[in-house]
Amino acid sequence: MFQGKVVVVTGGANGIGKCIAREFRDKGAHVYVIDKQPTGEHFVGDISKKEDLEAFVAEILKQHSTVDYIINNALPQMKGIDECSWEDFQYALSVGVTAPFYLVKLLQAHLAEGASIINISSSRDRMSQPQTESYTAAKGGIAALTHALAVSLAGKARVNSISPGWIDTTNSIFDGADAVQQLVGRVGNPMDIANMVLFLCSDKAGFITGENICIDGGMTKQMIYHGDNNWKLDL
């Protein structure tokens, strides 16, 4: 299904992005990764910088005239209102919202027939912990950007976003409360996200666009009240 397809992944040197890139490669796709990690078999660049994105796209287009799939996965930094500076907040938005927009803009004229764009948001686009403003704003922004792009690119590409919940990228074992607070009884792993990316890029998802799909083991669906079902709030 993905043999010979051209895939672009941001933040693909580690974690969820690395898993997504590997899955596409294993299925015969040509995968191009940009990541600021200084070593590895990827284009080294900071996607908050316009010139790095332009150089990355130029490198891809030297090899291919069209791109099939764009996966905007790179992770914005998480800082809260107490310590987050103007510069910190702007950087988070540049990585999390501006760069995905600009990458799609640069590749818009080169999208192949049946192209698909997947933006990785977060369940934090709908819920928060204290001191997470920069990350949460960026993830909320990319979720909204998704449906805007889906409308603008109608007939050229399907655009969807995925909102992961707790996804462990360290191969750790979680049990007890960490596990059971998810309705499915476990913490997520990168393949939970990669599988959805592959599905949304496939013809099986041909009638899906502009959607945000939350993959969090049901954690955001459980209503919690103090004293209910043994939940306690320490004051």
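How do the pairs read when you match residues in the range 1-28 that are under 20 Å from Glu59 (Cα atoms) with residues anywhere that are in a helix (DSSP H, G or I) and of a type in the set (A, V, I, L, M, F, W, C), using Cβ under 6 Å and keeping only pairs 6 or more apart or on different chains? Qualifying pairs under 6 Å: Val7/Phe24; Val9/Ile20; Val9/Ala21; Gly12/Ala21. Listed by first and then second residue, the pairs with beta-carbon distance under 8 Å, at least 6 apart or on different chains, first residue in the range 217-235 and closer than 26 Å to Asp125 by Cβ, second in a loop (DSSP other than H, G, I, E, B) and β-branched (Val, Ile, Thr), are Gly217/Val184; Gly217/Val187; Gly218/Val184; Trp231/Ile224. Suppose the filter is within 22 Å of Ser161 (Cα to Cα), assigned to a strand (DSSP E or B) and of a type outside the set (Gly, Ala, Ser); does Ile34 pass it? For Ile34, the condition - within 22 Å of Ser161 (Cα to Cα), assigned to a strand (DSSP E or B) and of a type outside the set (Gly, Ala, Ser) - is met.
Within this structure, Val197 passes the test of being of a type in the set (A, V, I, L, M) and either in a strand (DSSP E or B) or under 25 Å from Met1 (Cα atoms) (or both). The sole residue among Glu23, Glu59 that is surrounded by fewer than 22 Cβ atoms within 10 Å (Cβ to Cβ), touching a strand residue (DSSP E or B) at 6+ places or on another chain (Cβ under 8 Å) and either at pLDDT 95 or above or in a helix (DSSP H, G or I) (or both) is Glu59.
Here is the figure for the range 186-235: residues that are on the phi > 0 side of the Ramachandran plot and modelled with pLDDT of 95 or more total 3.
Taking the criterion of being aliphatic (A, V, I, L, M), crowded, with 24+ Cβ neighbours inside 10 Å and part of a strand (DSSP E or B), the residues of the range 113-139 that qualify are Ile117, Ile118, Ile120.
Quick one: is Lys79 under 27 Å from Asp192 (Cβ atoms), charged (D, E, K, R) and under 14 Å from the mean Cα position of the chain (by Cα)? Criteria not met by Lys79.
The values are calculated or read from the model by the stated rules, or taken from the named source; none is laboratory data. As the structure is a computational prediction, the values presented were derived from the model and not from experiment. Cβ: placed from backbone, ideal geometry, glycine included. Neighbour counts: every protein chain shown.
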